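The next block holds one structure in the form of structure tokens; read it before the comments.
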Amino acid sequence: MEKKILRKLFGGFIQIHILHHASKEPIYGVWMMEELREHGYDISPGTLYPLLHSMEKNGLLTKEEKNVDGKIRKYYTTTNMGVSVLKEARAKAYEMFKEIKD
């Protein structure tokens, strides 16, 4: 039960993290999973890819397909709306962090 609750809670943090990196340079799924693992998030492809697709569908990310070594790789970049959402999320997360940090 606790794992399920934490997974739901951290889902928003993961989306903010995705928007952050995709605003700096195009990202792709495997790289993002490795990046999240470095921060203690063990996320499976079955969780990450639907999340990326949902964020694209909601207008937060755009997708560009590129041929890399004969395989199609999907790169995601933050849209203008995604940048705006990221900016607001950062401000709200910072305010909340200041309150709960102690």
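The values are calculated or read from the model by the stated rules, or taken from the named source; none is laboratory data. Keep in mind that this is a model prediction, so the values were computed, not measured. Reconstructed Cβ throughout: ideal geometry from the backbone, glycine too, with neighbour counts over all protein chains shown.
Summary of values
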{"item": "Residue within the range 60-69 that is at pLDDT 95 or above and closer than 27 Å to K4 by Cα present", "result": "yes"}
{"item": "Within the range 65-102, tally of residues that are touching a strand residue (DSSP E or B) at 6+ places or on another chain (Cβ under 9 Å) and surrounded by fewer than 12 Cβ atoms within 10 Å (Cβ to Cβ)", "result": "4"}
{"item": "Residues satisfying the stated conditions in the range 40-89, i.e. in contact (Cβ under 8 Å) with a residue 60 or more places away in the chain and of a type in the set (A, V, I, L, M, F, W, C)", "result": "V83, V85, L86, A89"}
{"item": "Single match in L48, L61 (criterion: farther than 13 Å from T77 by Cα, buried (at least 16 other Cβ atoms within 10 Å of the Cβ) and in contact with a helix residue (DSSP H, G or I) (Cβ under 9 Å, 6 or more places away or on another chain))", "result": "L48"}
{"item": "Qualifying position, being among the β-branched types (V, I, T) and either in contact with an Asp or Glu (Cβ under 8 Å, 6 or more places away or on another chain) or on the phi > 0 side of the Ramachandran plot (or both), among T62, T47", "result": "T62"}
